[in-house]
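The values are calculated or read from the model by the stated rules, or taken from the named source; none is laboratory data. Quick caveat, the model's predicted, so the values are computed rather than measured. Here the Cβ positions follow ideal geometry from the backbone for every residue, glycine too, while neighbour counts run over all protein chains shown. Ligands, DNA and RNA are excluded from the accessible area calculation, which covers all protein heavy atoms including side chains. Shrake-Rupley method; radii C 1.70, N 1.55, O 1.52, S 1.80 Å.
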Amino acid sequence: MLPRQREPARPVATDAARRAGGVALILAGTLDAGWTVLAGWRSGPAWPWLLFSEVEVAGRPWAWLFRGGFVAADLLVTAAAVALAAVEPARYPGPSRAAARMRLAWLALALYGAASTVDELAGMSCVPHVDAGCELPVVSLRAPWVDQAHGLVSVLAVLGLLGSMLAVSLAGREHPRGAALRWAPGWLAAELTATVALGACLLAGGPTGMPQTAEMLVEATWLALLGRHAVT
């Protein structure tokens with residue numbers, strides 16, 4: 001019986017960077033979940049019709065707090081994902097394609113973080129369902145261009161997150177190491193379901209708050225799951 005081969009030793013600095021990135025993702029997920037719950041509570045009876053971008057519109061109560069909180073979380077995600085794209089695939093030695101897929105997952109997550117940051121900073125100019133004449137971006141071409149840009153960047157952020165989930169799911173087929181790789185298909189299915197439900201509500205004028213809350217909580221827990229994967 002051949003002796004079991006050990007994985008090659010990794011530099012201490014690489015492990016430290018990986019753990020720091022993981023902690024940053026866990027913190028970002030915690031912040032996102034906290035701001036999501038707080039925004040729903042702050043909106044009160046209007047929550048079923050809430051778009052979370054609406055709580056950040058200039059002049060709304062606590063707009064600066066929500067925008068600052070979400071931007072801080074998004075910057076943490078971006079920095080952590082870029083760092084992990086450089087160091088984390090070293091955990092997958094040998095001919096497996098898991099390393100390349102994990103690097104792709106981190107780069108897709110960095111796209112999500114960067115697009116979300118722009119999305120928060122380029123806030124909407126008005127609040128649909130509240131301000132008279134205000135229309136939902138992307139759904140209506142009559143919305144101001146800044147709102148259209150906000151909506152398109154939001155779509156780009158969701159695509160980046162879905163890309164990270166898909167890449168981790170594919171990596172888990174070849175190297176099912178850790179909960180993130182085993183459970184990624186479940187998170188991918190939940191994100192797709194929430195995203196489709198949100199799109200349907202936007203097109204039909206339905207209650208957007210419920211599917212978007214679900215979508216944001218799926219995203220927050222995904223960040224925490226990836227963070228746990230990175231630190232273990």
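Of all residues in the range 173-183, count the ones that are assigned to a helix (DSSP H, G or I) and touching a residue at least 24 places away in the same chain (Cβ under 8 Å).
Step one: filter the range 173-183 for residues assigned to a helix (DSSP H, G or I), giving 173-174, 179-183.
Then drop every residue that is not touching a residue at least 24 places away in the same chain (Cβ under 8 Å), which leaves 174, 179-181, 183.
Residues meeting the conditions: 5.
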Inspect all residues belonging to the range 130-145 and state whether any of them is open to solvent by 20 Å² or more (accessible area, probe 1.4 Å), more than 12 Å from the chain's Cα centre (by Cα) and modelled with pLDDT of 75 or more. no
Counting just the residues of the range 24-43 that are surrounded by 20 or more Cβ atoms within 10 Å (Cβ to Cβ) and at pLDDT below 85, which one comes out farthest from Pro207 (Cα to Cα)? Ala39
Give just the number: which of (1) modelled with pLDDT under 90; (2) crowded, with 16+ Cβ neighbours inside 10 Å does Ala46 not satisfy? (2)
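Answer yes or no as to whether Ala73 is assigned to a helix (DSSP H, G or I), surrounded by 20 or more Cβ atoms within 10 Å (Cβ to Cβ) and among the small types (Gly, Ala, Ser). If you could, list the steps in order and put the result at the bottom.
Working: assigned to a helix (DSSP H, G or I): yes; surrounded by 20 or more Cβ atoms within 10 Å (Cβ to Cβ): yes; among the small types (Gly, Ala, Ser): yes.
Yes, satisfied.
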Where Cys201 falls short, out of the listed (1) free of Cβ contacts under 8 Å to residues at least 24 places away in the same chain; (2) within 24 Å of Leu84 (Cβ to Cβ): (2)
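Can we say Glu191 is farther than 24 Å from Ala220 by Cβ and at pLDDT 70 or above? Spell out how you get there, then give the answer.
On the way: farther than 24 Å from Ala220 by Cβ: no; at pLDDT 70 or above: yes.
So Glu191 fails the test.
Are any residues in the range 194-231 outside any helix (DSSP H, G or I) and open to solvent by 30 Å² or more (accessible area, probe 1.4 Å), and if so, which ones? Explain how you work it out, then say what you get.
Just the residues of the range 194-231 that are outside any helix (DSSP H, G or I), to begin with: 205-208.
Matches in the range 194-231: Gly205, Pro207.
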Members of the range 57-67 that are under 18 Å from the mean Cα position of the chain (by Cα) and either surrounded by fewer than 23 Cβ atoms within 10 Å (Cβ to Cβ) or within 14 Å of Ser154 (Cβ to Cβ) (or both): Arg67
